Structures are given as structure tokens and as C-alpha cells.
Amino acid sequence: MNSRMLVIFNHSLTDAQREDAKASLDVGEFIVPPENLLAIWGQLPPDTETLASLLAPLFQWLVKASQKGDYLLVQGDFGATFLLVQQALSLGLRPLYSTTRREATEKLVGDQVSLTHHFRHVRFRGYEELAS
């Protein structure tokens, strides 16, 4: 296994995601940012107009930690993800996201309906650039 995958997520990788990355992408190493950077990613303030300055420490980490050709698994806030995907592409990385199948369970509790969603990993899909 030769590939590396940098992971910027709001949760830990599931066993299914790890196994799929190993089997389908030949990933042998998973690299996660330090906790202080994951805290930035997980707590982006919704009332902030722009995100680039808040994400600067993550951009700096990505530059230092990555090598051209690495995978970057990134999911989270739409705007922040967009910025990290742009950064990844400029560094020659291969940005990905995990596709999932949603399974919903409804439960009637008195006069209320409780709806629970479970997400199961299906595959990794690369972020695409439009052809010019």
C-alpha cells in the first residue's frame, strides 16, 4: 500500500471507509490534522462572512503535511470544503468525499414521530473540475 490519505472530517473514519480506502485506493497511511486544527474545522462560526482567514492554519498544515498525489478526504461546511478543495487541487492533491446511503427509521412516540438517520459508506468520489 503506497498511497496516503489526509483526512479533514468532523468525525472519525468508519471501519468501512478505512477498508474501502485501502482496497480501492491503495491507501496505506491515514494522516489527520492535530486536534487544534480539527477544532477549527468542527466549529466554524455560522455568522462569519468569510472563512479563508479562519482556515489559514489548516491551509498551512495541508501544505506541510501533504505530498503531490496524496488523497485529501474532506467533508464539512460547504464553503470551507470548497476552499480546501481549491487548495488541494492547487497543490496537486486528489480531493475526495465519501458517498453514503441514508437509512431512516421512524418511530411513533406518543403523539410525536422520532426520525433517526443512519449513514452507510458506499464509495469515495473525487471532486471534479469542469472541463473548459
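Using a 1.4 Å probe over the heavy atoms of the protein chains, calculate the carbon and sulfur portion of the accessible area of segment 3-132 as a whole percent.
On the way: 4210 of 8420 Å².
Carbon with sulfur: 50 percent of the solvent-accessible area.
Mind checking the per residue accessible area of segment 7-71 for me, 1.4 Å probe, whole number of Å²? Working shown, then result.
On the way: 3890 Å² over 65 residues.
Ligands and nucleic acids excluded, the figure is 60 Å² per residue.
How long is the gain from Glu35 to Leu54 if the chain were fully straight, where each residue apart is worth 0.36 nm and the alpha carbon distance is subtracted? If you can, show how the numbers build up before the last one.
Details: separation 19, 0.36 × 19 = 6.84 nm, distance 1.53 nm.
Difference between extended and current length: 5.3 nm.
Which of the GluC sites (Glu not before Pro) found in segment 1-59 are in a DSSP loop and have at most 10 neighbouring Cβ atoms, other than their own, within 10 Å?
Details: sites: Glu19, Glu29, Glu35, Glu49; in loops: Glu49.
Taking segment 1-59 and a limit of 10 other Cβ atoms within 10 Å, the loop GluC sites (Glu not before Pro) found are Glu49.
For segment 15-132, what is the relative contact order in percent, using Cα pairs closer than 8 Å and at least 6 residues apart in sequence? All intermediate terms of the calculation are to be shown ahead of the outcome.
On the way: 118 pairs, mean separation 24.6, N = 118.
The normalised contact order for segment 15-132 reaches 21 percent.
Please check which bits of segment 83-99 a label hung off Ser24 would reach, taking the label as a point 7 Å along Cα-to-C-beta and the cut-off as backbone N under 13 Å.
96-99
Using only Cα atoms, tell me the angle between helix 15-25 and the longest principal axis of the chain; keep it within 0 to 90° and round to the nearest 10.
40
Under 5 Å between amide hydrogens, which residues at least 5 positions from Arg94 or on another chain qualify, with H placed 1.01 Å from N in the peptide plane?
Gly69, Asp70, Tyr71, Leu72
Between segment 10-45 and segment 88-105, what's the alpha-carbon centroid distance in Å?
Computed from Cα coordinates, the inter-centre distance equals 11 Å.
Expressed as an acute angle from 0 to 90° and rounded to the nearest 10, what is the orientation of the C-alpha long axis of helix 78-90 relative to the principal long axis of the chain?
Relative to the chain, helix 78-90 is tipped by roughly 30 degrees.
Taking amide hydrogens as modeled 1.01 Å from N in the peptide plane, which residues meet the under 5 Å criterion relative to Thr100, leaving out close sequence neighbours?
Distant-sequence amide H within range of Thr100: Val122.
Using a basic spin-label model with each label point 7 Å from the Cα along Cα→Cβ, how many nm lie between Glu128 and Gln43?
3.8
What is the gain in length, in nm to one decimal, between Lys68 and Ser3 on full extension, counting 0.36 nm per residue of separation less the C-alpha to C-alpha distance?
Values: separation 65, 0.36 × 65 = 23.40 nm, distance 1.07 nm.
Gain on extension, Lys68 to Ser3, equals 22.3 nm.
Given (1) 1.03; (2) 0.99; (3) 0.96 as candidate values of Rg/Rh (Cα atoms, Kirkwood Rh), which corresponds to the one derived from the coordinates?
Identified label for the calculated read-out: (1).
Just subtract the alpha-carbon distance of His117 and Asn10 from 0.36 nm times their residue separation and send over the number in nm, one decimal. Could the numbers behind the result be given before it?
On the way: separation 107, 0.36 × 107 = 38.52 nm, distance 1.69 nm.
My answer for the length gained is 36.8 nm.
Which residue fluctuates the most in the chain, going by a Gaussian network model with Cα springs under 10 Å, if the choices are Ala21, Ala65, Ala80?
Ala65
What number, in percent, do you get for the relative contact order of segment 1-58 if the mean sequence gap of Cα pairs under 8 Å and at least 6 apart is divided by its residue count? Mind showing how you got there, number by number?
Working: 48 pairs, mean separation 24.2, N = 58.
RCO, segment 1-58: 42 percent.
Add -39500 (n - 2.57) for each DSSP H run of 4 or more in the chain, then divide by its residues: what number comes out at 222 nm, to the nearest 500 deg cm²/dmol?
Result for the chain, helices only: -10500 deg cm²/dmol.
The values are calculated or read from the model by the stated rules, or taken from the named source; none is laboratory data. Please read all numbers here as calculations on a predicted model, not as lab measurements. Cβ atoms come from the backbone with ideal geometry, glycine included; neighbour counts cover every protein chain shown. Calculation scope for accessible area: heavy atoms of the full protein, side chains included, ligands and nucleic acids excluded. Shrake-Rupley method; radii C 1.70, N 1.55, O 1.52, S 1.80 Å.
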